[in-house]
Amino acid sequence: MSDPSPTAAADELPAEPWDRRHLVGLAGMSGEDVTLLLDRAVEYRRLSEAGDLPSPLAGATVGNLFFENSTRTRNSFRLAAKRLGAETVEFTEVGSSVAKGETVADTVRTIEALGVDLMVIRHGSPGVPHRLREFVTCGLLNAGDGTHEHPTQALIDLLSLRDAFSQDGRGDLAGKTVTVVGDILHSRVARSNIHGLRALGARVLVCGPSTLLPRHLPGAEFFTDLDEALAQSDAVNLLRVQFERQRGAFFPSPAEYYRLFGMTQARLNRSGRDPWVLAPGPINRGIELSSEVADGPRSLILKQVANGVFIRMACLATLMEGRR
Ligand code: CP
């Protein structure tokens, strides 16, 4: 059996209608499908706050397979699974038999053989979750595949924006303008955000150094002047500069990046817009944003983390139903 990594360039992977058996990306997902998952997350949040969570995953086992580092995604998937009644199997590449030469495909099939119903997977190569559908029968959830997609992070960002725009978590994103700032070229979060925001009718701007903007990104308008983009924005999503994925120098120095693209309170004030501030994390203070902004009243960063559990509950429960 061949190993499914590496597979395709991020831009070559197909957009597919959602089959509710797997969640490999938001490309191809309709606004109704996105809304269904967001509404379901809101309902799980309500039930959780009421101490009345159901157990739709009772008797099920969720595999959490992380071939790349994670703090937020891995822990929130685990909490979501457990709080809905599932058992979990935890796999991280460090300390695993990958070091003895086991391939991704054999690792995944081995974990599935332990009795896994749903498998969460993060891998550094674009398309690995897509390809793995040929290797396993369990439901697959993409927790980030290289520079391609990070669908549950985008759903978190959408829910956090809906919360910001309304009291009941059901704010309308149609007609809102959201600017995604930073290392767009290497960002799976940017791609999933663009798909999700466009599906809900929002306008999407991307802004960063020209060296970190891809040549084609359907659905987004391109900016290299952050102040110009900010003057039109209801919210900004600040991406981490992904030094680990970069081959070469894309800008002169972190200090130069911060001067041109770092979010400071002075820059927010200058915009005259008071936009909401999101960041998928991990954040680098003094590169993407100042501490004043990260910890300020318009920051949604920790609300995004909290929403991660409810979004992942919604995704796990929906995929479990798709298997029945
Ligand atoms: N946003 C995000 O994916 O964070 P982690 O890498 O910590 O999971």
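Rg and Dmax of the chain, using alpha carbons, in Å: what are they?
Considering the chain through its Cα atoms, Rg and Dmax are 19.1, 57 Å.
Quick one: accessible area per residue over the chain, 1.4 Å probe, rounded to a whole number of Å²? Don't skip to the answer; put the middle values down first.
Values: 13220 Å² over 324 residues.
Spelled out: the 1.4 Å probe surface of the chain, per residue, equals 41 Å².
Once you have a ≥ b ≥ c as the square roots of the Cα gyration tensor eigenvalues for segment 1-156, tell me rounded if a/c is under 1.5, and otherwise prolate or oblate according to whether a/b is larger than b/c.
Working: a/c = 1.91, a/b = 1.27, b/c = 1.50.
Oblate.
Please state the shape class of segment 67-130: rounded when a/c is under 1.5, otherwise prolate if a/b exceeds b/c and oblate if not, all from the C-alpha gyration tensor.
Since a/c reaches 1.5 and a/b is larger than b/c, the shape of segment 67-130 is classed as prolate.
By its C-alpha gyration tensor, with a ≥ b ≥ c as the square roots of the eigenvalues, how is segment 169-324 shaped: rounded for a/c under 1.5, else prolate for a/b larger than b/c, else oblate? Intermediate results must be reported in sequence, preceding the final value.
Details: a/c = 1.57, a/b = 1.40, b/c = 1.12.
Prolate.
Taking a cut-off of 20 Å between Cα atoms, list the aspartates and glutamates near residue 303, but don't count ones fewer than 8 places away on the same chain.
Qualifying aspartates and glutamates at Cα under 20 Å: 39, 43, 49, 157, 163, 168, 172, 234, 274, 288, 292, 295.
How big is the Kirkwood radius of segment 120-169, worked out from every pair of different alpha carbons and given in Å to one decimal?
On the way: mean 1/r = 0.0821 Å⁻¹.
For segment 120-169, inverting the mean 1/r across all distinct Cα pairs yields 12.2 Å.
Check cross-link reach from residue 82 to the aspartates and glutamates: straight Cα distance under 13 Å, and skip same-chain residues fewer than eight apart.
90
State the Cα centre-to-centre distance between segment 245-324 and segment 155-227 in whole Å.
Spelled out, the Cα-based centre of one part sits 11 Å from the other.
What is the dipole size for the chain, taken about its Cα centre, with +1 at each Lys and Arg Cβ and -1 at each Asp and Glu Cβ, in debye to the nearest 20?
On the way: 36 positive and 39 negative charges, 59 e Å.
The calculation lands at about 280 debye.
The values are calculated or read from the model by the stated rules, or taken from the named source; none is laboratory data. As the structure is a computational prediction, the values presented were derived from the model and not from experiment. All Cβ positions, glycine included, derive from the backbone under ideal geometry; neighbour counts span all protein chains shown. For accessibility, only protein heavy atoms count, side chains too; no ligands or nucleic acids. Shrake-Rupley method; radii C 1.70, N 1.55, O 1.52, S 1.80 Å.
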